[in-house]
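Let me begin by presenting the structure, written as structure tokens, before commenting on it.
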Amino acid sequence: GLPIAFHGPHQAGIATPVQDRLHFTTFDVKTENRGELISLLQAWTRAAERMCSGLDAVEGGAFPRIPEYPPGDTGEAVGLPASRLTLTIGFGPTLFRKGGKDRFGLTGRKPEALEDLPKFRGDTLDPLRSGGDIAVQACSDDPQVAVHAIRNLARIGFGTVSVRWSQLGFGKTSSTTPEEQTPRNLFGFKDGTNNPAVDDTATLDQHIWVGAEDEPEWLRGGSYLVARRIRMLIEIWDRTSLVEQERIIGRDKAEGAPAGLRFERDPVDPAKQPPDSHVLLAMPETNDGATILRRGYSFVDGSDGLGRLDAGLFFLAYQRDPRTGFIPVQQKLARADVLNEYIRHTGSGVYACPPGVTGPDRWWGDTLF
Ligand code: HEM
């Protein structure tokens, strides 16, 4: 596909047709110097602009004129197209305040909605796979391009930030383009059928983008990202009967039709749903309208040493406000979803994603600083 424009009122990588691959990384900021943090965000923005259009990370790139220096680009994407690369940045609560400390004079600028997520019933979170001052989501159709982008941002940030945790993903699990075939997750079900479409601007304006009257002002046109690493106990699932699998999800496995209906795109009928199906519990109609944009990926991180695949769904969801989006839905799912017998939430993060960079003189987060 053609390169995806980096510049615009919203960051790319949110209402962008989902690419095939993910490299998601969070960073902790090591410096306490506000100016150094700003310089890094500026340098990152310039590198992101270049990489998203298929260029090397910096001018001179992989083959600098002075070979006595380490190259400014690591080189593994030389000759590869941009492969629809998008880079999307978000700021975690700890960027604004960490251990009671206001490192960058940002505490007063912290969005009220940007609080650590509450503990949900059944959470088994690994602190080494959670949080982070800054998150970057790299999506591309080529895993090498996504990995290259994150690697070069980490390289540019050397000394200023360090990688906290990172997740690779494949096989998008959420469609945002209804005209295309819906992808399947590792439980074998079509995933993303009832997801806002990227061209449904009315829904995006109402539920995904921080609105023109929302506070804080610096975040208008941005969004909140919730990331959850959800391990799927696939060996147990694979021994569950097809009828039971379909009852748990509330859709049939072959077609993806809602319970009691024929076609994938038939609107879910709550009256026909099993009372505790995932779809019934998660749908906006039973959650005061709570609507999120799911943009997750499957992962298999090898095996766990006990003969089981360390596999699952790296759940990524964008919304206008997590307090009326992910949080209430997950509170309900954590309490009632039969799917919980087959999944474990093992990592978590919430990030405020600033509006898009509107031109070459602007930078990621400039409205915040
Ligand atoms: C729908 C699977 C976790 C929210 C669905 C569907 C499947 C599915 C197969 C039906 C197709 C569709 O409309 O997308 C899974 C699996 C999960 C998981 C395997 C964990 C590994 C979550 C979580 C949330 C969530 C953590 C949010 C807190 C939703 C929503 C829908 C949905 C909002 C659409 C409901 C509707 O409007 O019809 N999920 N899901 N899911 N899921 Fe999940």
Original post:
Across 10 Å bins from the origin, how do the percents of Cα pairs in the chain run, short distances first?
Top reply: 5, 24, 34, 24, 10, 2, 0, 0
**OP:** Determine the distance separating the Cα centre of the stretch 157-232 from the Cα centre of the stretch 1-30; give it in Å without decimals.
**Re:** 10
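Considering Cα pairs under 8 angstrom that are at least six residues apart, work out the relative contact order of the stretch 98-224 and quote it in whole percent.
15
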Original post:
By how many nm would the segment from Glu112 to Ile236 lengthen if fully extended, with 0.36 nm per residue of separation less the alpha-carbon distance?
Top reply: 40.6 nm
Original post:
Peptides 92-104, 117-129: what's the order by average Cβ count within 10 Å, highest mean first?
Top reply: 92-104, 117-129
Original post:
What angle, in degrees between 0 and 90 and rounded to the nearest 10, separates the Cα long axis of helix 34-52 from the longest principal axis of the Cα atoms of the chain?
Top reply: 70
**OP:** Sort out for me the Cα centre separation of the stretch 253-319 from the stretch 323-355, rounded to whole Å.
**Re:** 12
**OP:** Calculate the dipole size of the stretch 284-369 relative to its Cα centre from +1 charges on Lys and Arg beta carbons and -1 charges on Asp and Glu beta carbons; express the result in debye to the nearest 20.
**Re:** 120
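Under the classification rounded if a/c is under 1.5, otherwise prolate if a/b is larger than b/c and oblate if not, where does the stretch 76-161 fall, given a ≥ b ≥ c as square roots of the Cα gyration tensor eigenvalues?
Here the stretch 76-161 falls in the prolate category.
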**OP:** Using just the alpha carbons, could you tell me how many Å³ per residue the convex hull of the stretch 216-292 encloses?
**Re:** 133
Subject >> Protection proxy ranking of 233-241, 15-23, 283-291 - average other beta-carbon atoms within 10 Å, highest first >> reply: 15-23, 283-291, 233-241
**OP:** Could you state the angle between the C-alpha long axis of helix 326-336 and the longest principal axis of the C-alpha atoms of the chain, as a value from 0 to 90 degrees rounded to the nearest 10?
**Re:** 40
Original post:
When ranked by the protection proxy of mean other Cβ atoms within 10 Å per residue, highest first, what sequence do the peptides 35-44, 132-141 form?
Top reply: 132-141, 35-44
**OP:** Pairs of Cα atoms under 8 Å, at least six residues apart: use those to get the relative contact order of the chain, whole percent.
**Re:** 25
Subject >> Principal-axis tilt of helix 143-156 within the chain, Cα atoms, nearest 10 degrees >> reply: 40
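With +1 assigned to the C-beta of every Lys and Arg and -1 to the C-beta of every Asp and Glu, and no other charges, what is the dipole magnitude of the stretch 119-251 about the Cα centre in debye, to the nearest 20?
Using only the charged Cβ atoms, the result is roughly 760 debye.
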Original post:
Going down the table (Lys30/Lys172; Lys190/Lys332; Lys190/Lys272; Lys253/Lys332; Lys98/Lys332), which pairs top 27 Å between alpha carbons?
Top reply: Lys30/Lys172; Lys98/Lys332
Original post:
How much length, in nm to one decimal, is gained on full extension between Arg265 and Tyr69, taken as 0.36 nm per residue of separation minus their Cα-Cα distance?
Top reply: 64.9 nm
Original post:
For the stretch 241-369, what is the relative contact order in percent, using Cα pairs closer than 8 Å and at least 6 residues apart in sequence?
Top reply: 17
Subject >> the stretch 182-262: Rg to Rh, with Rh as the Kirkwood radius over Cα pairs >> reply: 1.12
Original post:
Which of Val329, Val243, Val198 moves the most in a Gaussian network model of the chain with Cα springs under 10 Å?
Top reply: Val243
Subject >> FRET efficiency estimate (nearest 0.05) - Cβ-Cβ, Leu2 to Val78, R0 30 angstrom >> reply: 0.90
Subject >> Cα-centred dipole magnitude for the stretch 52-147, charges only on beta-carbon of K, R (+1) and D, E (-1), debye, nearest 20 >> reply: 560
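Laboratory data are not the source of any read-out in this text; all were calculated from the coordinates shown. Just so it is clear, the structure is predicted and the values come from calculations on it, not from any experiment. Glycine also receives a Cβ, built like all others from the backbone with ideal geometry; neighbour counts cover every protein chain displayed.
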